Amino acid sequence: MSSVDISVDLGRGLRLPNPVMTASGTFGYGEEASGYFDISRLGAVVVKGISAEPRQGNPPPRVVETPSGMLNSIGLQNVGMEIFISDKMPFLRDTGARVVVNVLGSSVEEYARVCERLDRVDGVLALEVNISCPNVKEGGVQFGMKESLAAGLVKVLREVTDKHLMVKLSPNCGDIAGIARAVEEAGADSVSLINTITGMEIDIRTRRPVLGGVVGGLSGPAIRPVALRMVHEVFRAVKIPVVGLGGIMEGEHALQFLIAGASAVQIGTATFTDPLAPLRVLESLSEYLQEKQISARELVGSLCLDRN
Ligand SMILES: Cc1cc2nc3c(=O)[nH]c(=O)nc-3n(C[C@H](O)[C@H](O)[C@H](O)COP(=O)(O)O)c2cc1C
């Protein structure tokens with residue numbers, strides 16, 4: 001049996017040896033997991049979202065387990081771009097991992113500052129723009145909820161960086177395919193989806209929200225069918241590559257996302273129950289492709305809608 005090609009090319013310099021990445025916020029800056037396995041074996045490592053200045057995040061409790069998932073309200077806590085570049089990037093560069101930096105902001109100007117700064121950093125292959133953040137100048141509405149806000153942001157970022165721009169879509173909007181088309185037209189090189197779905201839990205004894213941030217983002221297996229449906233819709237709406245995520249725990253789930261149209265996948269919440277989950281998914285995906293003698297690229301969007 002000849003060995004099949006599992007590499008993926010997402011365009012503008014983002015060529016990966018395989019389609020499995022980590023999901024932002026669930027893998028820190030790569031250092032914690034590197035004690036478990038060689039993180040350069042993954043397609044790419046997507047790090048925690050970075051803002052211009054360090055952020056403290058929301059008050060505790062910040063996470064709560066829910067049926068088949070979890071809610072988090074970390075609140076964009078991170079070390080800020082300068083400390084990321086001076087303290088976190090050298091380690092990541094040494095591992096040989098392909099690094100994608102997730103970018104956060106509360107205004108167009110803040111996102112632009114971060115992208116412009118990261119544009120000059122060696123070893124950063126791509127910027128993943130988290131558009132689920134609230135825009136303080138627009139009364140806190142998330143960039144990812146309105147086509148005009150999302151497209152306006154991406155247009156500005158396209159001007160300040162030549163690096164691959166992956167735009168991470170929010171599921172908390174009316175028409176995710178419409179937002180995907182808008183950011184594609186504004187200059188995005190790829191889209192990743194989905195971010196968490198807004199939810200909440202209430203303690204009936206105290207009648208208080210369980211999370212310090214009142215509401216939080218739902219992730220894990222509970223959101224997988226929603227994520228898969230959205231990947232299917234977005235794949236049919238745009239020409240740029242789609243990266244799928246949301247509740248992927250096993251290789252089989254990753255295969256579902258590829259068939260729905262994702263060129264690559266990200267593994268998030270699964271790493272909280274098993275730090276080796278991204279590697280496990282990669283190994284089982286590779287095994288399947290090898291056994292079926294089909295390349296990763298051939299599987300992408302191969303969904304069969306014919307019932308006969
Ligand atoms: C604790 C936690 C922190 C997260 N932080 C970020 C972040 O900084 N930026 C971002 O774009 N997404 C963030 N996410 C969302 C994940 O990257 C991912 O989109 C989501 O959890 C769905 O995938 P999953 O079900 O595999 O976890 C975070 C998720 C969790 C659970």
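For (1) among the small types (Gly, Ala, Ser); (2) away from the ligand (no atom under 13 Å from the Cβ); (3) assigned to a strand (DSSP E or B), each residue gets a yes or a no:
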position	(1), (2), (3)
LYS88	no, yes, no
ASP94	no, yes, no
SER106	yes, yes, no
VAL114	no, no, no
ARG117	no, yes, no
VAL121	no, yes, no
GLU128	no, no, yes
GLY144	yes, no, no
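Output the number of residues of the stretch 204-228 satisfying the condition of being more than 12 Å from the ligand (Cβ to nearest atom), open to solvent by less than 60 Å² (accessible area, probe 1.4 Å) and among the charged types (D, E, K, R). Residues that pass the stated criteria total 0. Residues of the stretch 34-54 that are open to solvent by less than 10 Å² (accessible area, probe 1.4 Å) and out of contact with any Lys or Arg (no Cβ under 6 Å at 6 or more places or on another chain): ILE39, LEU42, GLY43, VAL45, VAL46, VAL47, GLY49, ILE50, SER51.
So in the stretch 162-177, with the set limited to residues that are away from the ligand (no atom under 16 Å from the Cβ) and under 19 Å from the mean Cα position of the chain (by Cα), which one is surrounded by the fewest Cβ atoms within 10 Å (Cβ to Cβ)?
Residues of the stretch 162-177 away from the ligand (no atom under 16 Å from the Cβ): 162-163, 174-175, 177.
From what's left, under 19 Å from the mean Cα position of the chain (by Cα): 163, 175, 177.
Working: LYS163: 22, ASP175: 12, ALA177: 16.
Among residues in the stretch 162-177 that are away from the ligand (no atom under 16 Å from the Cβ) and under 19 Å from the mean Cα position of the chain (by Cα), the one surrounded by the fewest Cβ atoms within 10 Å (Cβ to Cβ) is ASP175.
Residue under question is VAL183, and the condition is that it be part of a helix (DSSP H, G or I) and within 15 Å of the ligand (Cβ to nearest atom); does it hold? Yes.
Collect the residues in the stretch 244-277 that are near the ligand (Cβ under 10 Å from one of its atoms), out of contact with any Lys or Arg (no Cβ under 7 Å at 6 or more places or on another chain) and not in a loop (DSSP other than H, G, I, E, B), keeping them in residue-number order. Across the stretch 244-277, the qualifying residues are GLY244, VAL265, GLN266, ILE267, ALA270, THR271, PHE272, ALA277. The residue pairs whose first member lies in the stretch 257-273 and is free of Cβ contacts under 8 Å to residues at least 40 places away in the same chain and among the acidic types (Asp, Glu), whose second member is open to solvent by less than 30 Å² (accessible area, probe 1.4 Å) and within 7 Å of the ligand (Cβ to nearest atom), and whose beta carbons are closer than 7 Å, counting only pairs six or more residues apart or on different chains, do not exist in this structure. Quick check on the stretch 74-86. Is at least one of its residues touching a strand residue (DSSP E or B) at 6+ places or on another chain (Cβ under 7 Å), assigned to a loop (DSSP other than H, G, I, E, B), open to solvent by less than 30 Å² (accessible area, probe 1.4 Å) and within 11 Å of the ligand (Cβ to nearest atom)? For the stretch 74-86, residues touching a strand residue (DSSP E or B) at 6+ places or on another chain (Cβ under 7 Å), assigned to a loop (DSSP other than H, G, I, E, B), open to solvent by less than 30 Å² (accessible area, probe 1.4 Å) and within 11 Å of the ligand (Cβ to nearest atom): absent. Evaluation of LEU289 against the conditions (1) open to solvent by 10 Å² or more (accessible area, probe 1.4 Å); (2) more than 23 Å from VAL100 (Cα to Cα) shows that the sole unmet condition is (1).
Taking the stretch 188-203 as the range and being in a strand (DSSP E or B), within 15 Å of the ligand (Cβ to nearest atom) and over 14 Å from the mean Cα position of the chain (by Cα) as the test, the residues that pass are THR198, GLY199.
The values are calculated or read from the model by the stated rules, or taken from the named source; none is laboratory data. Source: prediction; values computed, not measured. No Cβ is skipped: glycine too gets one built from the backbone with ideal geometry, and neighbour counts run over all protein chains shown. Calculation scope for accessible area: heavy atoms of the full protein, side chains included, ligands and nucleic acids excluded. Shrake-Rupley method; radii C 1.70, N 1.55, O 1.52, S 1.80 Å.
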